[in-house]
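Q: Sharing a structure below in structure tokens format, with a few things to ask.
The values are calculated or read from the model by the stated rules, or taken from the named source; none is laboratory data. In this text, all values refer to a predicted model and were calculated from it rather than measured experimentally. Note: ideal-geometry Cβ built from the backbone for every residue, glycine included; neighbour counts use all protein chains shown. Side chains are part of the model used for accessible areas, which takes the heavy atoms of the whole protein and leaves out ligands, DNA and RNA. Shrake-Rupley method; radii C 1.70, N 1.55, O 1.52, S 1.80 Å.
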Amino acid sequence: MLGLNKKDAGLFTIVIVLTMLAPFILNPFPENSELAQFNAGYPDLMQRFVIFGIFAIGFNILFGLTGYLSFGHAAFLGVGSYAAIWMMKLLTLNVIPAIIMGIIFAGLCGGGVGFVARSRSGIYFSILTLAFAQMSYALAYSVLTPITGGETGLQIKATDSPLMSSVPEGEIGRANLFGLEMGSSYELSVGGWLFTFNAGYYIAAVCMLIAFYLSIRLFRSPFGMMLRAVKSNQQRMNYTGLNSKPYTLAAFVISGMYAGLAGGLMVAMDTQVGPERMFWTASGEVVLMAILGGVGTLIGPVLGAGMIKYMENIISKINDNILHQWFAFMPDGIEDFMVFIIHPFIGKGWHLTLGIVFMLVVIFLPGGLVEGGQRIGRLFGRKKRAEAEAESTAKTPAE
Amino acid sequence: MGILEVKGVNKRFGGLQALGDVNLSVAENSVHAIIGPNGAGKSTLLNCLVGKLIPDTGSVMFDGNSVLGRKPHEINQMGISRVFQTPEIFGDLTVMENILIPCFAKRDGSFRMHAFEGVNHETALMEKAENILEDVNMAEKRDMHAASLSRGDKRRLEMAMCLVQEPRLLLLDEPTAGMARADTNNTIDLLKEINQKRDITMCIIEHDMHVVFSLAERITVLAQGTPLVEDTPENIKGNPKVQEAYLGESQH
Ligand SMILES: Nc1ncnc2c1ncn2[C@@H]1O[C@H](COP(=O)(O)OP(=O)(O)OP(=O)(O)O)[C@@H](O)[C@H]1O
Ligand SMILES: [Mg+2]
């Protein structure tokens, strides 16, 4: 299918089905049940899942394949966002030109930063990329205020009149795709369940699927093999007649473009951007996503992105009252004790939970969630194989 | 004029004269051995040929073109491949991929963005890679991770990676060190065959005299960075100066 081998085609199909059915899958609990707060099937969060998925897929092309750890990737996310919002302010509220502009600008910046940072390897490369990202943040925060809106960032305002879109006087323009507004949703209520199908989510999801497909092709291509060669042994590469520099640079530009796509989509969804999008913690987050999911694997970064965004949005919403409800069946003293124990890990403490999960994964599953999945798969596989063997040995004597 | 002409090459590391006025001429399609005690400067000489080191003085001409000042990948694209003293392979990749990479380098040059085609669809290159794996008796190990190979296998793999490029000049730095006797003999046969059938010139550094005398047409003896003698294997065997250089070493 689509030039993919059987295994990749299977994986891609699963990802397509899961993303398309996400509004159902992420909303397993009825609206007014106690567990409804674990539902993640609302547009805002679903959009974030796929957008950060794209960001992480792109990051993984650089880090997972070439081993070059960029610690400033959020800069490209920000550049993509600023480029996209200017496109919407000036040209059209249609999201396509905005997204394309985001990709182009981020790619160009990726080329520049990559060219300089690539002159060093290892930790120095990481530090250089970090420095660039913090410089971009500083530029956006203050120096370039006329272009970036400074601390408050940029929004689409009633005063904006894009060249090619007609916005009624005094109204704030809304992002759309040929008239289909990003914010428009179709709600389906079945029994106690409420499912939301949001236009913006589906557009972002299609972008994610295309980005994912391209990354599979890249992983299986000679170019992808060369990038793994960069990680494995650059010395051998050079004495084999290959110039490792343009390979790494190309990987850097491509992963910058992925970040630009993610940044452009963010703007398409909520038509605003601020400098904090480029802050170093945002760069660190994508590193965590890749490692948590499985560096150098195809699906890992998407899983990592999903996991972190889920924790950020769901665990942070749990508060002491909810805990008290959960443990209400226990005797009072024990109930208070349980709430006391769990309290630091919820609400604003979700970072603590994330930190612990991250440490556990790195220590016990160095290959990330994907390795966890593989281990479970192998466990079942072994059982099956053992059964098959038992059968065949049972047969042999009869023959 | 040989295919490789080294003239008046000097290389110092601080106070150490690693190479002192080295002259070397390797005839096209010949097998030329460089022998000498440990620390004689043999590997340093090869490093000067492939762009890893730049000699302080002197010239290195390959097929009439200077290699000095060129990058390693450019020198390889000119037609020089090298097997290192400690195997340099792509440890994280499979044996097959290790062979495919030099195939792509040979066909597509030092950089090409072929990010959309599948490696699997390159049937011609795959076939070429399979053949060379057969030649070095590693066909059954094609899907193994290169890092998990034995030392001897790593060497054979690296040799296959160089051979598959069909270089005009192949530089081998102790290709049989760490190999079992049988593998060593296979390697000798393989190198002989390749030299004769594919017209690959070889320059080989070796401590194993069995290998040297089975393969080499000419031998250069290097001692303390300077060529002592250059002659045919028969004459080298009986040369008292050579005995001395080696005896001098074995007394340490
Ligand atoms: N990069 C370097 N920096 C400093 N000294 C070096 C360097 N490379 C080699 N040397 C020194 O130069 C001398 C020659 O080394 P070389 O590796 O060429 O010897 P060799 O003939 O290959 O020996 P062996 O048979 O042990 O491989 C040695 O004394 C070595 O320590
Ligand atoms: Mg040596």
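Q: Leaving out ligands and nucleic acids, and using a 1.4 Å probe, what accessible area per residue does chain A come to in Å²?
A: Ligands and nucleic acids excluded, the result is 46 Å² per residue.
Q: Divide by every residue of chain B the summed helix terms, -39500 (n - 2.57) for each DSSP H run of at least 4, and state the resulting mean residue ellipticity at 222 nm, rounded to the nearest 500 deg cm²/dmol.
A: On the way: 9 runs with 95 residues, N = 252.
Computed mean residue ellipticity for chain B: -11500 deg cm²/dmol.
Q: Label region B:55-192 by shape, choosing from rounded, prolate and oblate, from the square roots a ≥ b ≥ c of the eigenvalues of the Cα gyration tensor; if a/c is under 1.5 it is rounded, and otherwise prolate applies when a/b is larger than b/c, oblate when it is not. Don't jump to the answer; show the numbers that get you there.
A: Numbers: a/c = 1.92, a/b = 1.14, b/c = 1.68.
Oblate, since a/c reaches 1.5 and b/c is not below a/b.
Q: Still on this structure, I have one more. Any idea of the total accessible area buried by the B-A contact, 1.4 Å probe, rounded to 100 Å²?
A: Numbers: alone 12070 and 19990 Å², together 29240 Å².
Interface between B and A: roughly 2800 Å².
Q: Just to check I understand the Karplus step: with θ = phi - 60° and J = 6.51 cos²θ - 1.76 cosθ + 1.60, what whole-Hz values come out for region A:165-170, glycine and proline as x?
A: Taking θ as phi minus 60°, the curve returns 10, 9, 10, x, 3, x Hz for region A:165-170.
Q: Would you calculate the volume per residue, in Å³, of the smallest convex hull containing every Cα atom of the protein assembly as shown? The partial results should precede the final answer.
A: Working: hull volume 169.1 nm³, N = 651.
Convex hull volume per residue, Cα atoms: 260 Å³.
Q: For B:Thr176, what is the net charge nearby, where nearby means another residue's Cβ is under 9 Å from its Cβ and Lys, Arg count +1, Asp, Glu -1?
A: Net charge around B:Thr176: -3.
Q: Further question: Over what distance in Å are the Cα centres of region B:184-213 and region A:244-313 separated?
A: That distance is 51 Å.
Q: Restricting to Cα atoms and excluding each atom paired with itself, what does the Kirkwood estimate give for chain B in Å?
A: 18.9
Q: For a quick check: with amide H placed at 1.01 Å from N, whose amide H comes under 5 Å from A:Asn94's, ignoring anything fewer than 5 positions away on the same chain?
A: So A:Asn94 has HN proximity to A:Asn176.
Q: List the aspartates and glutamates whose alpha-carbon lies under 18 Å from that of A:Lys89, not counting same-chain residues fewer than 8 positions away?
A: Straight-distance partners of A:Lys89: A:Asp160, A:Glu169, A:Glu171, A:Glu181, A:Asp270.
Q: How high is the relative contact order of region B:89-166? Use alpha-carbon pairs under 8 Å, at least six apart in sequence, and give a whole percent.
A: Averaging sequence separation for qualifying contacts and normalising by length gives 54 percent for region B:89-166.
Q: What average count of beta carbons from other chains do you get within 10 Å of the Cβ of residues in B:98-108?
A: Partner Cβ neighbours, averaged per residue: 5.
Q: Return the whole-Å distance between the Cα centroid of region B:100-156 and the Cα centroid of region A:54-96.
A: What the calculation gives is 35 Å, centre to centre.
Q: Then there is this: Using +1 on the beta carbon of Lys and Arg, -1 on that of Asp and Glu, and nothing else charged, what's the dipole of the protein assembly as shown about the Cα centre, debye to 20?
A: 700
Q: Sticking with this one: Excluding same-chain residues fewer than 8 positions from A:Lys317, which lysines have a Cα within less than 17 Å of its Cα?
A: Cα-Cα hits under 17 Å: A:Lys309, A:Lys348.
Q: Using a 1.4 angstrom probe on heavy atoms only, work out the carbon and sulfur share of the accessible area of region B:89-166 in %.
A: In region B:89-166, the share of accessible area belonging to carbon and sulfur is 49 percent.
Q: Which shape class, rounded, prolate or oblate, goes with region B:89-166 when its Cα gyration tensor gives a ≥ b ≥ c as root eigenvalues, a/c under 1.5 marks rounded, and past that a/b bigger than b/c marks prolate?
A: On the way: a/c = 1.71, a/b = 1.61, b/c = 1.06.
Because a/c hits 1.5 or more and a/b exceeds b/c, region B:89-166 counts as prolate.
Q: Averaging over all projection directions, find the projected area of the Cα convex hull of region A:100-235 and quote it in nm² with one decimal place.
A: Averaging across all directions leaves 14.2 nm² for the Cα convex hull.
Q: Express the relative contact order of chain A as a whole percentage, based on alpha carbon pairs under 8 Å and six or more residues apart in sequence.
A: Taking the mean separation of contacting Cα pairs over the length of chain A, I get 26 percent.
Q: At q = 0.14, 0.15, 0.22 Å⁻¹, what log₁₀ I(q)/I(0) does region B:143-252 have when each alpha carbon counts as one equal point scatterer in the Debye sum?
A: With one equal scatterer per Cα and no solvent, log10 I(q)/I(0) is -0.65, -0.74, -1.27.
Q: May I ask you to evaluate 6.51 cos²θ - 1.76 cosθ + 1.60, the Karplus curve with θ = phi - 60°, for each residue of region B:135-142 and list the ³J(HN,Hα) values in order in whole Hz, giving x for glycine and proline?
A: 4, 9, 6, 10, 4, 6, 9, 4
Q: Which order, highest average first, do B:148-156, B:178-186 follow once you tally other Cβ atoms within 10 Å for each residue and take the mean per peptide?
A: B:148-156, B:178-186
Q: Sticking with this structure for a sec: What value, in deg cm²/dmol to 500, does the helix sum -39500 (n - 2.57) over DSSP H runs of n ≥ 4 give at 222 nm once divided by the residues of chain A?
A: When only DSSP H runs of four or more count, the value is -20500 deg cm²/dmol.
Q: Does region A:1-94 classify as rounded, prolate or oblate by the C-alpha gyration tensor (a ≥ b ≥ c root eigenvalues; a/c under 1.5 gives rounded; else a/b over b/c gives prolate, otherwise oblate)?
A: oblate
Q: Pull up the DSSP beta bridges for the protein assembly as shown and report the antiparallel fraction as a percent, rounded to 5.
A: In the protein assembly as shown, DSSP labels about 60 percent of beta bridges as antiparallel.
Q: Looking only at other chains, what is the average number of their beta-carbon atoms within 10 angstrom of each beta-carbon in B:68-75?
A: For peptide B:68-75, the averaged partner shielding equals 3.
Q: Continuing with the same structure: Under 5 Å between amide H atoms, partner at least 5 residues away or on a different chain: which partners does A:Leu365 have, H built in plane at 1.01 Å?
A: It is none; the list stays empty.
Q: So, one more: Please tell me the relative contact order of chain B in percent, rounded to the nearest whole number, where contacts are Cα pairs under 8 Å and at least six residues apart.
A: 27
Q: Which order do the peptides B:163-175, A:113-125 come out in when sorted by mean C-beta neighbours inside 10 angstrom, highest first?
A: Working: B:163-175: 23.2, A:113-125: 16.3.
Most protected by this proxy first, the peptides run B:163-175, A:113-125.
Q: Right, something else. After finding the eigenvalues of the alpha carbon gyration tensor for region A:6-297, what semi-axes result from the square roots of 5 times each, listed largest first in whole Å?
A: 33, 26, 16
Q: Let me ask something else. Say we join alpha carbon atoms closer than 10 Å with springs in a Gaussian network model of chain A; which of A:Val190, A:Val287, A:Val357 then has the biggest fluctuation?
A: A:Val190
Q: So, one more: Longest span of chain B, sites excluded, free of GluC sites (Glu not before Pro) in DSSP loop with at most 16 other C-beta atoms within 10 Å?
A: It works out to B:118-216.
Q: Would you pull out the residues with amide H under 5 Å of B:Thr86's amide H, same chain only if 5 or more places away, H placed 1.01 Å from N?
A: Sorted by chain and number, the residues that satisfy this come to none at all.
Q: Can you run phi through the Karplus equation (6.51, -1.76, 1.60; θ = phi - 60°) for region B:184-191 and list ³J(HN,Hα) in whole Hz, with x for Gly and Pro?
A: 4, 5, 4, 4, 4, 4, 4, 5
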